[in-house]
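Written out below as structure tokens is the structure these notes cover.
The values are calculated or read from the model by the stated rules, or taken from the named source; none is laboratory data. Given the structure is predicted, the values throughout are model-derived calculations rather than measurements. Quick reminder, even Gly has a Cβ in these numbers, built from the backbone with ideal geometry, and neighbours come from all protein chains shown. Areas reflect the complete protein model, heavy atoms only, side chains present, ligands, DNA and RNA absent. Shrake-Rupley method; radii C 1.70, N 1.55, O 1.52, S 1.80 Å.
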Amino acid sequence: MSDTEPRQFASDDPSAARTVATASETPTGPALTGPDPSAVRPKRPDGSGRVLTVAAVTAGVTLLVLGLRVGGALTAAIPGLPDAGASTAWALPVFRLLSDGLATVTVGMLVTAAFLLPGDGRSVSPHGYLLLRRASRTALAWAVTALSLMVLTVSDLLGQPLETLEPATVLSFATTISQGQSLTLQAGLALAVALLARTGVSRGLAATVTVLAPVAVLPPAFTGHSAGAGNHQIAVTSLALHILAAAVWVGALVALLVVRRSRLLPDAAARYSRLALGCFVAVAVSGLANAAVRLGAVDQLWQSRYGWLVLGKLAALLILGVLGAAHRSRTLPAMRAGRRWAFGRLAAGELIVFAATVGLAVALSRSPTPVAESGVDADPITELLGFPMPTAPTAGNLLGQPLPDMFFLTLCALGIGGYLAGVRRMHARGHRWPVARTASWLGGMLLLAATTDLGVARYAYVLFSAHMAQHMVLSMLVPILLVGGAPVTLALRALRRPADPRVRGAREWLLIAVHSRATRVLTHPLVALGIYTASLFGLYFSDLLGVLMRSHLGHLAMLTHFVVAGYLLFWVLIGVDPGRRRLPHPLLVIIHLASMMAHGFFGLVLMQTTTVIAPDWYIAVHPTWASSLLADQQLGAGIAWAFGELPAVVVMIVLIRQWIRADQREQGRLDRAADRADATGAEDDLARYNAFLAAAGRTDGDPNLAARPEQP
């Protein structure tokens, strides 16, 4: 065996299924030990993998070329405008296809190694080790391809042939232009994935790298078609969801084909089947939402070249759905019966269709859309906000005129559906779940959806006062309701344990996260209070607010931070879920009073401010029907100062109630101990303490009495 890759194991017997990594390859995480790898006979490789790779690449390139021609992406250059030449025109989509393919394979191999395959104690399995090493190689190639794409993109945008480009021009594009910055970030993240995937073999490290890899897929999604015109709230988020779901779906299939000879394949394929079903739904819903934004009208499906390509992708999705159903109904039972070869044939055909679909998707990204991305007559407010300037606010406008954001809609739908599924499973097992907790969680999710998707979300973009009201709801009311739902407790009770003890399911990973060192640090009262307070002062008394408001991704991150920071603080204060630090109730009351003081001080300082916060943003989007910027800011400051009163009172009531209940439980415990002591004739702690108090009373004022009962 070489120092860089394990042999293909002929047996998956537990005694032989211990990774044969050297200590030099595992500086972090425990090194896996086991028998001498030379005692494990390797399988003789065949050429089926190479044939499948060639077939998939051929299908992808063929559909890419066809899609580019059908979509009009290879039209002749306009006379008088600079042209980068045929080399750039053809190389750019080809490298985009290569980059997407490498990213997909990297994500899929990491997901399979960390979550689909069983492990070996705290380390990944031998096949997981193999996938980690191959993912490292594909991630490195992905990083190089992203840098190549950056050079090709500069050539395409400036209309300069590759040989005439100056390094300074490319460097400027990489650091100052959004497209260049996204590709630079992607290359850096892909390189980090490549390095981390070779750092160790622990399952925790594999899970961490698996989380990082999908993040590396996303940056270019925020600078393409979906970020170029209106309705950013649906277009950008739906595209990101579409890309992530497709990468996991396709990439995990590739990874399973890599380990298709393993005896672990039937169980791993069954887990993949459930994952693929969720990815199929996500790809279908997000793809339809994004296509609706880009097409503008239904008739553009058959009246535009872009629509023809969308129909092609839709047909490919239907074919993949049929193949997936065949996997669930025919292939999985055959594999359980011992016919592992049944998976390879159908999966190979599915992979070829996937490759053709990716080629079609790349052609779609290079084709002009029926809805123009920009133009001289475009509304600057629409380009900036993603929607036209709203009219003067009324109660109907604030609750109506919805502005759906697919990120929060998806989050709320999953949160509500998952919680109700957990409650239903608890009832099916004969266990009760408090109705008050269910109502609290559903109320928090519905309030989150209303605050981020109804008309108030429109006005939060253009009015500081509406933004502050949104901030207060998301950081106080929503977290209090969500914490009251005790979601972690429900998940730990409702989630099933995997049949294979070597597999870590959702429950096992949740337990690891709950008891991790990071959770202990974050639930320290000073840390939680500091994060909550910093989100108030750091956002509004710096230039950060204006920066985040100009980017849809930044805006999503800001709103998400409001909810997470509030949830963390109120989990420390009134949470019942496991994982948080257990603190005395008097100390919790003091922490709550400190948070109230910090909140009130923030509102007071904001009311005293005489300069406009985030002036570059609010001057650009200030409505003509609104009051002055300073007047609206003063209104927002008043909302911040007064809003915390009611939530603070509610939290204080809950704290006092928990305190009283804790004392009652302690008193009940002491009474039960005393009853047991009376029944058995033995002394308990309470009896000894009462004896100590009685003795202390008898000896008060008698300095000559040297012996006193020892305090328990």
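Using r as the Cβ-Cβ distance of TRP659 and VAL215, and R0 as 41 Å, what FRET efficiency do you calculate, to the nearest 0.05?
Details: r = 42 Å, r/R0 = 1.02.
Efficiency for this residue pair is about 0.45.
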Could you rank SER99, SER628, SER516 by how accessible they are, 1.4 Å probe, largest area first? SER628, SER516, SER99
For q = 0.11, 0.13, 0.21 Å⁻¹, what log10 I(q)/I(0) does segment 445-592 give under the Debye formula with an equal point scatterer on each alpha carbon and no solvent? -0.51, -0.69, -1.29
Work out the length of the dipole vector of segment 460-538 about its Cα centre, built from +1 on the beta-carbon of each Lys and Arg and -1 on the beta-carbon of each Asp and Glu, and round it to the nearest 20 debye. 440
Whole number please: convex hull volume per residue, Cα atoms of segment 426-532, in Å³. 146
Could you give the nm distance between label points at GLU508 and PHE601, where each point is 7 Å from its Cα heading toward the beta carbon? 4.7
Which value in nm describes the separation of the simple spin-label points at ARG339 and GLU166, placed 7 Å from the Cα toward the beta carbon? 6.7
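What does the charge count around LEU573 come to, taking other residues whose C-beta lies under 12 Å from its C-beta (Lys +1, Arg +1, Asp -1, Glu -1)?
Working: positive: ARG580, ARG581; negative: none.
Local net charge: +2.
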Quote the accessible area belonging to VAL61 in square angstrom, nearest 10, computed with a 1.4 Å probe and with ligands, DNA and RNA left uncounted. 60
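Show me the chymotrypsin sites (Phe, Trp or Tyr not before Pro) within segment 605-664 that DSSP assigns to loop and that have at most 13 other Cβ atoms within 10 Å of their Cβ. Before the final figure, lay out each step's value.
Details: sites: TRP617, TYR618, TRP625, TRP641, PHE643, TRP659; in loops: TRP625.
Loop-located and lightly packed - TRP625.
Tally up the carbon and sulfur contribution to the accessible surface of segment 395-508 as a whole percent, 1.4 Å probe, everything protein left in place.
Values: 3280 of 4850 Å².
The nonpolar share, carbon plus sulfur, comes to 68 percent.
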Sum up the charges of everything whose Cβ sits under 9 Å from the Cβ of LEU92, counting Lys and Arg as +1 and Asp and Glu as -1, but leave LEU92 out. +1
Ordering GLU383, GLU645 by how much accessible area each has at a 1.4 Å probe, largest first, what is the list? GLU645, GLU383
At 1.4 Å probe size, what's the solvent-accessible area of VAL236? Round to the nearest 10 Å². 0
To the nearest 10 square angstrom, what accessible area does ILE234 show with a 1.4 Å probe? 40
Taking the simple approach of a point 7 Å from Cα along Cα-to-Cβ for both ALA270 and VAL589, what is their distance in nm? 5.4
The farthest towards the positive end of the charge dipole of segment 192-302, of the residues SER286, VAL258, SER238, given +1 on Cβ of Lys and Arg and -1 on Cβ of Asp and Glu, is VAL258
Karplus-derived HN-Hα couplings along segment 502-518 (A = 6.51, B = -1.76, C = 1.60, θ = phi - 60°), whole Hz, x at Gly and Pro: 7, 9, 9, x, 4, 5, 5, 5, 5, 4, 4, 5, 5, 9, 6, 5, 4
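Just to confirm, what accessible area per residue do you get for segment 504-568 at 1.4 Å probe, in whole Å²?
Per residue, segment 504-568 has 47 Å² of solvent-accessible surface.
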Segment 281-411 - charge dipole about Cα centre, Lys and Arg +1 at Cβ, Asp and Glu -1, debye rounded to 20: 1200
In the neighbourhood of ILE613 defined by beta carbon distances under 12 Å, the net charge of the other residues (Lys, Arg +1; Asp, Glu -1) is -3
